[in-house]
Amino acid sequence: MKINRFPKMAALQKLRALKLGFDLPTAEAIGIAEATKYAIFKNLSHKKRIAKEKEEVIKQFQGKKELDEETFAVFKLPAVDGLPYVGGKIYTSEDYERYFMKWGDKIKSIIEKWAENIIENCDEKTLKSENRFFNDCWKPHRDELSEIE
């Protein structure tokens, strides 16, 4: 079975969040939100994406709720009620689990073990830096595990 980058990024970010001290449900929400964020990055130019996100955030939350920029500052994710917010959606642990249901428990387990091995070799300074994490932990490994039998 072919494995694209999205589930690998979700699992890697989940394990990153766990190692940085977030609880499991929050780490899963971060994992799926981060994978979504990177998918958005890939599909929109940076300038367009920033303008679109700001516009969506203003429309959805103006006068209703405040976006928290501190909770997930390491991940550069805004938060609403303690959960990550990306692309007009608040992500939860259930979103992570729902996404991985299509792959099945065996594939999910293999992907998460792959991610765990990578995270074990990343120091805290790298885990806390979006740029370093992307360049040192993601880029060298993103094309590994592209197929699972």
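Values quoted throughout were computed directly from the atomic coordinates according to the rules given, and no laboratory measurement underlies them. Note that this is a predicted model, so its numbers are computed, not measured.
Aspartates and glutamates near residue 139 by alpha-carbon distance under 19 Å, same-chain residues fewer than 8 away left out - which ones?
Partners within reach: 34, 112, 116, 120, 123, 124, 130, 147.
Which whole-Hz couplings ³J(HN,Hα) result when phi for each residue of region 110-127 is put into the Karplus expression 6.51 cos²θ - 1.76 cosθ + 1.60, θ = phi - 60°, listed in order with x for Gly and Pro?
5, 5, 5, 5, 4, 5, 4, 4, 5, 4, 4, 9, 9, 7, 4, 4, 5, 5
Sequence-distant or interchain residues sharing an amide H contact under 5 Å with residue 3, placed H: which?
Answer set, sorted by chain and number: 147, 148.
Whose amide H sits under 5 Å from the amide H of residue 86, counting only residues 5 or more places off or on another chain, with H placed in the peptide plane?
91
Compute the length gained on full extension between residue 94 and residue 1: take 0.36 nm times their separation in residues and subtract their Cα-Cα distance, giving the result in nm to one decimal.
Result: 31.1 nm gained on full extension.
Report the extension gain between residue 134 and residue 120 in nm, rounded to one decimal, defined as 0.36 nm multiplied by the number of residues separating them, less their alpha carbon distance.
3.5 nm
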